[in-house]
1. Any residue at all in the stretch 107-114 that's in a helix (DSSP H, G or I), under 24 Å from the mean Cα position of the chain (by Cα) and at pLDDT 80 or above?
2. Looking at (1) modelled with pLDDT under 90; (2) of a type in the set (Gly, Ala, Ser); (3) in a helix (DSSP H, G or I), find the lone condition where residue 7 falls short.
3. Answer yes or no as to whether residue 59 is of a type in the set (Asp, Glu) and modelled with pLDDT under 90.
4. Basic (Lys, Arg), in contact (Cβ under 8 Å) with a residue 12 or more places away in the chain and surrounded by 10 or more Cβ atoms within 10 Å (Cβ to Cβ): does that describe residue 30?
Amino acid sequence: MKADTNGLTMNQLAERNAEHVATVAALEARCAALAAEGAKLKNPDNWLSQSDYGYEAAEVATQNGATEDESLRAGMIAIINRIETPATDAFLAEVRTEVIEWLDAEISAIDPVYRGDPIYEHDAYWMKGKVRDLIQKSRELFAAQLRQEAAQ
């Protein structure tokens, strides 16, 4: 019985297999880095080593009129921000970028589907405008978040 190779030679199959093995290894390394960072965030020793920053942030929040819960949250955020998570940060930035690109593609897909159909054309333009507004607002919020993170 002969295996189906989709018209590829044994050398081509071996090359493709090597590419897949390299991809899987890179993804496993990425998962391991993310898991290690997750464990770091859950480790009480890491929190305690950054507690001075948390205390200071909570005090500033309290002085600025924050409630007890808001001050506690400010302290926790300060501690979390001190624990470096470059793999997680890179992953989240990639996800955010993919979402914006996906939304842009969805907007672009609206035009050809409804162009020239008078029944739907008005709705399509309205929907496209709403989605564009949403994307613009998301970009503004994302940019503000990045500026805020950079300032910390």
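The values are calculated or read from the model by the stated rules, or taken from the named source; none is laboratory data. Here the structure is a predicted model, which means the values were calculated and not measured. Note: ideal-geometry Cβ built from the backbone for every residue, glycine included; neighbour counts use all protein chains shown.
1. No; the residues of the stretch 107-114 include none that is in a helix (DSSP H, G or I), under 24 Å from the mean Cα position of the chain (by Cα) and at pLDDT 80 or above.
2. Among (1) modelled with pLDDT under 90; (2) of a type in the set (Gly, Ala, Ser); (3) in a helix (DSSP H, G or I), the lone unmet condition for residue 7 is (3).
3. Details: of a type in the set (Asp, Glu): yes; modelled with pLDDT under 90: no.
Judged against the criteria, residue 59 is not a match.
4. Here the answer is yes, as residue 30 does meet what is asked.
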